[in-house]
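> Attaching a single structure in structure tokens format; questions to follow.
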Amino acid sequence: MAINFQEEKRIFTIQTTHSTYQMMADKHGFLLHLYYGKRVEGELDYLLTHYDRGFSGNPYDAGEDRTYSMDTLPQEYPSLGNGDYRNAALVICNHDGSRSCDLRYKSHRIEKGKYGLKGLPAVYAGEEAQTLEIVLEDSVTKVQVVLLYGVLPEEDIITRSVKIINQGEHKIVVEKAASACLDFVNGNYDLLSFYGRHAMERNLQRTSIGHGTQVLGSRRGTSSHQYNPAVIVAEKDTTEDAGSCYGMVFVYSGNFQFEAEQDQFNQTRALMGLQREYFSYPLEQKEELIVPETILAYSGEGLGHLSHLYHRCIREHVCRGAYKNQIRPILVNSWEASYFDFTGETICKLARDAAELGMDMVVMDDGWFGKRDDDNSGLGDWYVNERKLGCTLGEMIEKINAAGVKFGIWIEPEMVSEDSDLYRAHPDWAIKIPGRKPNRSRNQLVLDFSREEVREHIFEQICKILEQGNIEYVKWDMNRSLSDIYSATTDCGKVMYDYVLGLYDFLEKLNQRYPQILIEGCSGGGGRFDAGMMYYTPQIWCSDNTDAMDRIRIQYGTSFFYPASTVGSHVSAVPNHQTGRKTALFTRGTVAMAGTFGYELDLGKLSREEKEEIKLQIQEYKKNAELIQKGTYYRLSNPYQEEQAAWMFVSENQEQALISVVMQEIHGNMPVTYVKLKGLKPDAVYENVESKEKRFGSAWMNAGIPIPVEMEEYRAYRIELQECRRENI
Ligand code: GLA
């Protein structure tokens, strides 16, 4: 059993193959956190210490004992108002205006299988998983808090979610709710977080967790370009290959808040949960709120291993649907090829060119519907602009399919332009505050997806489109942040959360109705690149920035949690449309091959040589697609600190590997760079498929490969290794 309950001391122990998580419902019924880290055996309540600390008060039940304080003890789910002055996981405003929730152990259940969450994405697993449910209750208000733990023992994954149920008679308001709290009684930690902006997402920042709270999150309605809802708490000396670290990945696509704090006794607390601002969630009698799941993982072998745990978990236990294990189509997207300026013939021509080069699919991006020749109008009017296309959508798709190419389409269902028939008919469907002029962004407003009738209307429109022909892919975009939070029907404090649940409801229905359609997520590139979306869209356009050199960093940051199979990545034209930089086609291909591969340029403008090279790229990607989408991904360098960017994929049986290196800098009389490989079998011999050079895995990994010194900016190298027989070496 992965979950054990020791009755006498009421100690809960969760064991995964390499980690242990332990907590205890103590004599007063408080649920204290004992340990999370490398696997250990036995009871760890000896770690709790008790001293009389000034200004750290004592619960009444402790009687004369001035050494028992909620302010100093490690807690599993701390709430405001009980004498713990650190950051709280839970804040509840009671009907009398008081803010207190005194949670004590009531009961628990251990079950086979992993719990699911109604209306929310969550890790799923088979019988190998287990669930621990601990019910805590405030005996005065009868507020119940159900802590849910999902355990995937072999994956070294523990998930946490929380249900807050109002079992009392009076209305309460949940003002803050986290799904995971990690209290560390000792140690010094760094926080690794991933900040960014539109077209430059998920840059790694490593800071020390000190006194005072570090907070990051989003109040944009999406998980956002600015901070990814995933962080790592690492011991100071943790590196890529060694040391202890903990991941906290929020399975949610809306407002979130992460907090890390070192307290007055140098203990560390990390919290992951819903964003506090714009949130005050009323619960009437018997109503409940589910706090989205946080996926926890511990690695005692550095950051690289932590990433492997998350890659596996997200690939196998979050992503779903027909495309979960299928090799994804190589597509060409019309956006950077022609933006809004196209006709049906432009798309058909792109498809014919794509067919000639061996691509699988053409995607018609923004501009095909309503009145939409630029980004100022038309959103919400989901009917095909047949005048612009010069034919019906169905006719166009037939021509594309006849050319041997699949067809995909772009949509942005959550939005409305003021200049649209939909807005003219239903101005109150847009999120804005009556009597105020709303913030515009890209000249568009956000539809109130917390309202079912709004979603239903859009759903019907979208279905009508999807039924006009053989559509095999949808790019679901979302191109602004929410603001002016108000709803004609939904309580203001609920809108942000209910909006995201509405989005999930829509996506779930879409997936159920069209299980064969591959949906790629997008929000101005990677503005909603999170595990929540991955439950519905197994790949997400990683960034609107297609510049190979910038993409190296964006994809490096992304790789800490998200597997390559989720990372939409395309080759685009030079000079690059976002940076003006010129890089070789080979370099662009190398970088884009670290994800779900495609192109985003006018194929008609390519030279004959470029076309030949692209044909080879496509053949090469197809050959390695299985390895890239399902293999183990290793970071071989830190592109922020080293001249070379290097990464590799290794097949599960460790017989095949693909190494990619891009020189980020070039200097006179350039010193030689050596790249050390990872993940090979040390005693096996591997052959460089191209040069036929054979070496032991131990040599490739410990002595490395010298990268040639060549006079070319941003030169890239791809090396394929194949295990071969040990003789002749
Ligand atoms: C967003 C997307 C782009 C493209 C445009 C279309 O910016 O990220 O890829 O689809 O919208 O308007």
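The values are calculated or read from the model by the stated rules, or taken from the named source; none is laboratory data. Every value quoted in this text rests on a predicted model; they were computed, and no experiment measured them. Every residue, glycine as well, gets a Cβ built from its backbone with ideal geometry; the counts of neighbours run over all protein chains shown. Protein only, heavy atoms only, side chains kept; ligands, DNA and RNA dropped before computing areas. Shrake-Rupley method; radii C 1.70, N 1.55, O 1.52, S 1.80 Å.
> Roughly speaking, what is the centre-to-centre gap between the range 16-80 and the range 429-465 when only Cα atoms are used, to the nearest Å?
47 Å
> Further question: Relative contact order for the range 333-485: what percent, with Cα pairs under 8 Å and sequence separation of 6 or more?
26 percent.
> Given Cα pairs under 8 Å that are at least 6 residues apart, what percent is the relative contact order of the chain?
10 percent
> Using a 1.4 Å probe over the heavy atoms of the protein chains, calculate the carbon and sulfur portion of the accessible area of the range 585-729 as a whole percent.
That share works out to 46 percent.
> Same structure, new question: Working out 0.36 nm times the residue gap between residue 325 and residue 463, then minus their Cα-Cα distance, what length gain in nm do you get to one decimal?
Extending this stretch completely gives an extra 47.1 nm.
> Related question: Just the accessible area for residue 440, please: 1.4 Å probe, Å², rounded to the nearest 10?
Residue 440 has an accessible surface of roughly 150 Å² with all protein chains in place.
> Let me ask something else about it. Quick one: which residues, 5+ away or cross-chain, put their amide H under 5 Å from the amide H of residue 636? H built at 1.01 Å from N.
The answer is 646, 647, 648.
> To the nearest 10 square angstrom, what accessible area does residue 426 show with a 1.4 Å probe?
Roll a 1.4 Å probe over it and residue 426 shows about 60 Å².
> OK, next. Quick one: putting +1 on the C-beta of Lys and Arg, -1 on the C-beta of Asp and Glu, what dipole do you get for the range 1-127 around its Cα centre, in Debye to the nearest 20?
Here the size comes out at about 500 debye.
> Which one of 231, 531, 474 has its Cα pushed farthest toward the positive end of the charge dipole of the chain, where Lys and Arg give +1 and Asp and Glu give -1 at the Cβ?
Checked the options; the winner is 474.
> At a Förster radius of 45 Å, what calculated FRET efficiency corresponds to the Cβ-Cβ distance of residue 49 and residue 439, to the nearest 0.05?
After rounding to 0.05, the efficiency reads 0.35.
> Here's something else I'd like to know. Roughly what angle does helix 492-513 make with the longest principal axis of the chain, taking Cα atoms, 0 to 90 degrees, to the nearest 10?
50 degrees
> What do you reckon, how do 377, 98 stack up by accessible area (1.4 Å probe), largest on top?
I get 98, 377, largest accessible area first.
> Name the shape class, rounded, prolate or oblate, that the alpha-carbon gyration tensor gives for the range 626-729, where a ≥ b ≥ c are the square roots of its eigenvalues, rounded holds for a/c under 1.5, and otherwise prolate holds if a/b is larger than b/c and oblate otherwise.
prolate
> Which is farthest toward the positive dipole end of the chain among 3, 204, 342, measuring Cα position about the Cα centre, with Cβ charges +1 (Lys, Arg) and -1 (Asp, Glu)?
Checked the options; the winner is 342.
> For residue 287 and residue 169 in one chain, what is 0.36 nm times their gap in residues minus the Cα-Cα distance, to one decimal in nm?
41.4 nm
> Now, a different point. Name all residues of the range 703-719 having a backbone nitrogen under 20 Å from the label point set 7 Å from the Cα of residue 670 along its Cα→Cβ direction, giving them as ranges.
Flagged as within label range: 704-719.
> Taking only protein heavy atoms into account and a 1.4 Å probe, give the accessible area per residue of the range 150-307 in Å².
About 30 Å² of surface per residue is accessible.
> Something else now. Treating the beta-carbon of each Lys and Arg as +1 and of each Asp and Glu as -1, no other charges, what is the dipole magnitude of the chain about its Cα centre, to the nearest 20 debye?
Magnitude of the dipole: close to 480 debye.
> Another question, then. Put a dot 7 Å past each Cα toward the Cβ at residue 236 and residue 654; how far apart are the dots in nm?
So the label points at residue 654 and residue 236 sit 3.4 nm apart.
> Going by accessible area, probe 1.4 Å, with all protein chains left in place, what is the ranking of 80, 616, largest first?
616, 80
> May I pose another question? Which whole-Hz couplings ³J(HN,Hα) result when phi for each residue of the range 652-657 is put into the Karplus expression 6.51 cos²θ - 1.76 cosθ + 1.60, θ = phi - 60°, listed in order with x for Gly and Pro?
Ordered by residue, 3J(HN,Hα) equals 4, 7, 6, 9, 9, 8 Hz.
> Apply 1/(1 + (r/R0)^6) to the Cβ-Cβ distance of residue 98 and residue 6, taking R0 = 56 Å, and write down the FRET efficiency to the nearest 0.05.
0.95
> Determine the order of 694, 324, 112 by accessible area, beginning with the largest, at a probe radius of 1.4 Å.
Final ranking, largest accessible area leading: 112, 694, 324.
> Where does each of 24-31, 129-136 land if you order them by average Cβ count within 10 Å, highest first?
Final packing ranking: 129-136, 24-31.
> Right, next: If the reach is capped at under 20 angstrom between alpha carbons, list the lysines near residue 678, excluding any in the same chain fewer than eight residues apart.
Leaving aside lysines fewer than 8 places away in the same chain, those within reach of residue 678 are 630, 692, 694.
> Put +1 on the Cβ of each Lys and Arg and -1 on the Cβ of each Asp and Glu in the range 557-689; which of 568, 680, 593 then has its Cα farthest toward the positive end of the dipole?
Selected residue: 568.
> Next question. Suppose each label sits 7 Å from its Cα in the direction of the beta carbon; what would the residue 133-residue 452 distance come out to in nanometres?
Label-label distance for residue 133 and residue 452, simple model: 2.4 nm.
> When the dipole is taken about the Cα centre of the range 396-492, and only Lys, Arg (+1) and Asp, Glu (-1) are charged at their Cβ, what size is it in debye, to the nearest 20?
420 debye
> Taking θ as phi - 60°, what are the ³J(HN,Hα) couplings along the range 616-633 by the Karplus curve (6.51, -1.76, 1.60), each to the nearest whole Hz, with x for Gly and Pro?
For the range 616-633, the Karplus-derived couplings read 5, 4, 5, 4, 5, 5, 4, 4, 9, 4, 4, 4, 6, 7, 10, x, 8, 9 Hz, x marking Gly and Pro.
> Would you please classify the overall shape of the chain from the alpha carbon gyration tensor, given that a ≥ b ≥ c denote the square roots of the eigenvalues, rounded means a/c under 1.5, and beyond that prolate means a/b larger than b/c while oblate covers the rest?
Here the chain falls in the oblate category.
> Also: Could you pull the accessible area for residue 647 with a 1.4 Å probe, rounded to 10 Å²?
For residue 647, solvent-accessible area is about 20 Å².
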